[in-house]
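Here the structure is laid out as structure tokens; the discussion comes afterwards.
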Amino acid sequence: MPATSPPRAGRPVVAVLCEHADDRPPGLDGLPAEFRYCVADGLPAALRGAHALLLWDYFSRAVRDAWPAADALEWIHVTAAGVDTLLFDELRNSAVVVTNAHGVFDRPIAEYVLGAVIAHAKESLRNYDLQRAHRWEHRETRSILGAKALIVGTGAIGRETARLLRAAGMEVRGAGRVARGDDPDFGTVVASSNLPAEAGWADHLVIAAPLTPSTRGLVDAKVLAALRSGSHLVNIARGPIVEEAALLTEVMSGRVAATLDVFDTEPLPPDHPLWDAPNVTITAHMCGDVAGWRDTLSAQFVDNLRRWLAGRPLRNVVDKKLGYVPTGDR
């Protein structure tokens with residue numbers, strides 16, 4: 001599909017993949033399109049003759065199996081920032097355009113990171129344990145003023161996080177594909193390929209990169225061993241970017257703390273040792289999900305749908321080879 005196309009006549013067919021039959025996106029009634037709602041096992045039938053696909057079930061991997069039925073598909077919109085669970089070779093090599101929820105989660109995730117940083121500095125986990133034990137233990141905690149954060153990933157989420165942490169008085173650097181100076185948000189951007197040599201600078205290592213072949217396992221045992229004692233890792237990106245076994249070794253030693261919203265396997269299995277690891281905070285892949293987020297996601301799709309129907313350029317077009325929406329700073 002080109003960047004622009006002629007306005008559409010008639011009522012194009014849009015397949016909508018939902019996780020549950022009763023969980024449909026709001027705000028689609030009255031739009032000039034035929035919507036076919038389905039769950040994963042009904043996707044092949046819904047795709048036959050469909051011109052567009054809305055992945056409301058944004059983590060589903062059903063598209064790959066249903067791909068042979070996509071005989072008229074031109075556009076897929078994913079209601080998530082990451083598209084790693086969607087992309088496969090046949091889709092990458094096709095003319096089908098992929099768009100995503102770029103921009104929706106930037107501020108909520110940045111707030112989550114700031115909250116995690118403050119909770120670590122103020123020893124919130126320790127406070128909770130003492131409260132449960134009815135123990136009064138006075139002690140000193142740390143200030144985040146002047147603390148150093150290295151943000152791995154210089155896209156929109158990483159940038160919003162950098163801006164918020166800077167506003168709170170922290171010193172920030174970025175880690176990206178290309179090293180550079182004088183960045184408006186990060187100041188200095190170091191090369192992510194040199195992360196083992198750069199990680200020791202940080203009090204807080206924040207993972208905000210998309211999951212791609214080049215970032216899978218990027219934060220490995222060497223990077224984790226390079227972190228200074230007492231440092232804190234925050235992962236709001238994707239679990240496989242961090243080597244989970246190596247991280248477990250570090251947190252069990254007490255050398256490193258972690259706030260984790262994403263994991264190799266989700267939901268995190270009940271018997272996983274991370275649940276009981278010291279100085280680890282676990283949340284259920286929810287760092288960007290604030291009240292009203294489903295309405296925002298649906299409104300973003302409706303805006304792109306109106307553009308598509310009118311033959312106007314779509315917003316948030318994913319580079320299927322890179323695996324994310326390119327921005328000028330990359």
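The numbers here are math on the coordinates, done by the rules we state, and not lab data. Given the structure is predicted, the values throughout are model-derived calculations rather than measurements. Here Cβ is always computed from backbone atoms with ideal geometry, including for glycine, and neighbour counts include all displayed protein chains.
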Item to complete: For residue 222, list the aspartates and glutamates whose Cα falls under 15 Å from its own Cα; do not include residues on the same chain fewer than 8 positions away.
Response: 198, 243, 244, 250
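Given a cut-off of under 8 Å on Cα pairs at least six residues apart, what relative contact order in percent is computed for the chain?
Details: 632 pairs, mean separation 57.9, N = 330.
Computed value for the chain: 18 percent relative contact order.
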Worksheet item: Using the C-alpha atoms of the chain, what convex hull volume per residue, in cubic angstrom, is computed?
Response: 148 Å³
Discussion item. Only counting other Cβ atoms within 10 Å, I'd like 286, 252 sorted with the fewest neighbours first.
Written reply: 286, 252
Discussion item. Over segment 1-154, what is the relative contact order in percent, taking alpha-carbon pairs closer than 8 angstrom and at least six residues apart?
Written reply: 17 percent
Response to the item:
Measuring from the longest principal axis of the C-alpha atoms of the chain, the long axis of helix 156-167 (C-alpha) lies at a number of degrees, nearest 10, equal to 40 degrees
Worksheet item: Pick from 80, 299, 257: which residue has the top mean-square fluctuation in a GNM of the chain where Cα pairs under 10 Å get a spring?
Response: 299
Item to complete: Compare the Cα positions of 73, 211, 169 along the charge dipole of the chain (+1 at Cβ of Lys, Arg; -1 at Cβ of Asp, Glu; about the Cα centre) and return the one farthest towards the positive end.
Response: 169
Practice prompt. Using only Cα atoms, find the angle between the long axis of helix 293-310 and the longest principal axis of the chain, and express it within 0 to 90 degrees, rounded to the nearest 10.
Written response: 40 degrees
Worksheet item: So what is the relative contact order for segment 106-282, in percent, with contacts set as C-alpha pairs under 8 Å and at least six apart?
Response: 17 percent
Response to the item:
Cβ density ranking, 10 Å radius, fewest first, applied to 59, 105 yields 59, 105
